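Working notes, beginning with the structure itself.
Just so you know, all these numbers are worked out from the coordinates, no wet-lab data involved. Just so it is clear, the structure is predicted and the values come from calculations on it, not from any experiment. Every residue, glycine as well, gets a Cβ built from its backbone with ideal geometry; the counts of neighbours run over all protein chains shown.
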Amino acid sequence: MSVASLAGTGRFFRSELLLIFGRRRNWLGLAILAVVPVIIAVAAKVNAPGEDEGGFFGGITTNGLFVALAALSVELGFFLPLAISTIAGDAVAGEANQGTLRYLLTVPVHRTRLIAVKFAALVVFAATAVLTVVGTGMIAGLLLFGGGKMTLLSGTEIGFWGGLGRVAMVSGYAAVCLSALAAIGLFVSTLTEQPIGAGIAVLILYIVSQILDTIPQLSAIGPYLPTHYWFAFGDLLRDPVSFNSAGPGLLSAGIYTLIFTTAAWARFATKDVTS
Amino acid sequence: MSLAVSSEGLTKRFRSGQVAVNAVGLAVPAGSVYGFLGPNGSGKTTTIRMLLGLIEPTAGSSNLLGTTSFAALPDVGSLVEGPAFHLYLSGRDNLRRLDAADRHADPATAAARIDEALDRVGLLAAARKRYRAYSLGMRQRLALAGTLLRPRKLLILDEPTNGLDPQGTREVRSIISGLAAEGTTVMLSTHLLSEVEQICTHAGVMHLGKLVAQGSLPALRAGSETRVRVETSHPAEAGRCLEALGLKDVSSADGEARGLLGDLAPEDIVAGLVRAGVPVRGFAVERPGLEELFVHLTGEGFDVSG
Ligand SMILES: Nc1ncnc2c1ncn2[C@@H]1O[C@H](COP(=O)(O)OP(=O)(O)OP(=O)(O)O)[C@@H](O)[C@H]1O
Ligand SMILES: [Mg+2]
């Protein structure tokens, strides 16, 4: 692509972000994402969890950064996938539903470019959603419990900045996983003109994947499920960093992203736009 | 004569099995204002969607400005099946979005072009209002503004005056005429035959998915014949006189007689009537209107054909 056409696409991309982040509904969603870490932090302050408590909760009172990790692991279970499903389901189906799709295509916007820009904006939203959770978690945690050294899952202690780095790595991992869900959502969004229906379908896919992953008889297919490695980010909190599960997790997310963005493109490139 | 829009055997069969557009061969001359007529459900919008590349034809092909639709689209402004914008954005923000999506548009001039387009359709005062709060006519005007964001060589407008008040309708017609005068080719679908009479140079008529007539307005009118009508107190006598003068298909009813003019001169007929002593109260040459032509081509029936 020439510089000029890239610049032109940059403008379209910014307009797409404005569309997502200019919408009150989406601000409300981000606000809800931000409330959870605050609740976790306040609850831990009022009623301190025991050091032996599971997950990241045990560490909260020793280091505020654990609030961010606890909030992320809680919200990755429902609120974050809900937010991503809703926005991804809306991506193409919402424009089709309102009829704005036909006016974008006749501008003209090439269908490949449209899918690329839509997906890029979804990735930005996924990253923003994760940052909202982690950011408010860190602020609330540091305010109530302070920072200092962080005890990793492997027992090693690292300094505050090292801890911050680990939190950043975990956030990146979560954003990659959510982007894979966004790719699935983008594909579903090209199949229908009902944005809410598309969003619900993606959320159901997420939940079904989670459920299938818990059934022991189905353990053979487990590793192929899109959500199998989502909670493997504990790997990134060991010393040294382990990629036993996080590695396959990144690979799985990458493959799902590739397959479903390609499917969305293939479907959309030839689709009759009759809305 | 170069064609701004052309198609050959353009056909669309929907998954339902219905053939909505059947072997349509459009020929819209460059520089013309082409009225695309047809009853509800006759396939106008479906044809326009194919021209713009929104839907894939089942068979046949089409060209815009002598090239493929995607290559031509930067020079084409279009309105398809009514306006559609983001509800919670203002009119101006909606146009910003359209302009941002256009990678051929110059961002440096965007603000000026957007305001000019809004001004042109009389929407500048409501530019900051959310689209949600726009009335039907305001929405239609905004859609038109969207087609005017850049200079265009061709406008394809599906019912551009739908929902507009009389001033808006006149305004839009004058905008279209103005653009046409500057050399823009305009293809517009409409149900208003008076609109076609007023601003179109050419027309095509769709019926049941087929293009049943197409050509310049004079050529289309020439297809049906001019009649004379004589108002008189003696219709039978007048009828006999018209026959004697050589008119075909003469009929007389109470207070009047009619016949096909053929290639006779109207003044000779009046003279003949007076010579024969027929009392003439009124005399009219009736050129068939588009409406008669339209009804003749597409039938009297009111029900849409499923
Ligand atoms: N997506 C679709 N699926 C199936 N049939 C369709 C679809 N879109 C249109 N049709 C059918 O195709 C025919 C032509 O529709 P079209 O919208 O092109 O008519 P039109 O001439 O624009 O009518 P109007 O004057 O009411 O706007 C109609 O019978 C319609 O029911
Ligand atoms: Mg129509």
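When the Gaussian network model of chain B links Cα atoms closer than 10 Å, the mean-square fluctuations of B:S42, B:S233, B:S61 top out at B:S233.
Hey, can you list the DSSP H helices of chain A whose Cα span along the axis is 24 Å or longer and whose average Kyte-Doolittle score is at least -0.5?
Answer set is A:3-21, A:24-46, A:79-98, A:111-145, A:160-189, A:195-214, A:246-269.
Taking a spot 7 Å from the Cα of B:V19 along the direction of its beta carbon, which residues of the stretch B:38-63 have an amide N less than 16 Å from it? Under 16 Å, as judged by backbone N against the label point of B:V19, lie B:42-44, B:47, B:57-61 of the stretch B:38-63. At a Förster distance of 56 Å, what's the computed FRET efficiency of A:A48 paired with B:E116, Cβ-Cβ distance as r, to 0.05? About 0.30, to the nearest 0.05.
Using Cβ point charges alone (K and R +1, D and E -1), the dipole size of the stretch B:3-221 about the Cα centre works out to roughly 500 debye. When only Cα pairs below 8 angstrom with a gap of at least 6 residues are kept, chain B shows a relative contact order of 20 percent. The relative contact order of the stretch A:26-142 comes to 45 percent, based on Cα pairs under 8 Å that sit 6 or more residues apart.
Summed over qualifying helices (DSSP H, 4 residues or more, each -39500 (n - 2.57)) and divided by its residue number, the protein assembly as shown shows a 222 nm mean residue ellipticity of -16500 deg cm²/dmol. I want to check the label-to-label distance for B:L260 and B:R132. Put each point 7 Å from Cα in the C-beta direction and report it in nm to one decimal. So the two model labels end up 6.2 nm from each other. Each Lys and Arg Cβ is given +1 and each Asp and Glu Cβ -1; about its Cα centre, the stretch B:227-286 then shows a dipole of about 60 debye.
For the residues A:Q98, A:Q210, A:Q194, a GNM of chain A with alpha-carbon springs under 10 Å puts the largest fluctuation on A:Q98. Taking N as the residue count of the stretch B:1-125, its C-alpha radius of gyration divided by 2.2 N^0.38 Å amounts to 1.23. Distance between the 7 Å Cα→Cβ label points at A:F78 and A:F21: 2.9 nm.
Looking at chain B, which longest stretch skips every one of the GluC sites (Glu not before Pro) that is in a DSSP loop with at most 12 other Cβ atoms within 10 Å, leaving the sites themselves out? Longest site-free region, per DSSP loop and neighbour criteria: B:1-181. The chymotrypsin sites (Phe, Trp or Tyr not before Pro) of the stretch B:50-148 meeting both criteria, a DSSP state outside H, G, I, E and B (loop) and at most 16 other C-beta atoms within 10 angstrom of the site's C-beta, are B:Y88. When chain A is treated as a GNM with alpha-carbon contacts under 10 Å, the residue of A:L186, A:L105, A:L72 showing the greatest mean-square fluctuation is A:L105. Summing Cβ point charges (Lys, Arg +1; Asp, Glu -1) relative to the Cα centre of the protein assembly as shown gives a dipole of roughly 1000 debye.
Distance from the Cα centroid of the stretch B:89-103 to that of the stretch A:59-97 is 30 Å (rounded to whole angstrom). Positive-end ranking of B:L192, B:A271, B:L293 along the dipole of chain B, with charges on Cβ about the Cα centre, is headed by B:L192.
Quick one: how many lysine pairs in the protein assembly as shown have C-alpha atoms under 15 angstrom apart, if they're 8 or more apart or on different chains? If you can, show how the numbers build up before the last one.
On the way: A:K271/B:K12; B:K12/B:K44; B:K12/B:K210; B:K44/B:K210.
Qualifying lysine pairs in the protein assembly as shown: 4.
Could you calculate the FRET efficiency of B:D268 with B:R240 from 1/(1 + (r/R0)^6), where r is the beta carbon distance between them and R0 is 22 Å, rounded to 0.05? Calculated value: 0.85. For the pair A:V241 and A:S219, a Förster radius of 22 Å applied to the C-beta separation gives a FRET efficiency near 0.25, rounded to the nearest 0.05. So how tilted is helix B:235-245 from the main axis of chain B? Cα-based, degrees 0 to 90, rounded to 10. So the helix axis and the longest Cα principal axis differ by about 90 degrees. Stretching the chain fully between A:A31 and A:R14 yields a gain of 3.9 nm (0.36 nm per residue, less the alpha carbon separation). Across the stretch B:227-286, C-alpha contacts under 8 Å between residues 6 or more apart give a mean separation that, scaled by the residue count, equals a relative contact order of 47 percent.
For chain B, the antiparallel share of DSSP beta bridges with both residues in that region comes to about 65%.
Modelled spin labels at A:H110 and A:L153, positioned 7 Å past Cα toward Cβ, are 4.3 nm from each other.
Amide hydrogen proximity for B:F283: with H placed 1.01 Å from N in the peptide plane, the residues at 5 or more positions away or on another chain lying under 5 Å are B:E231.
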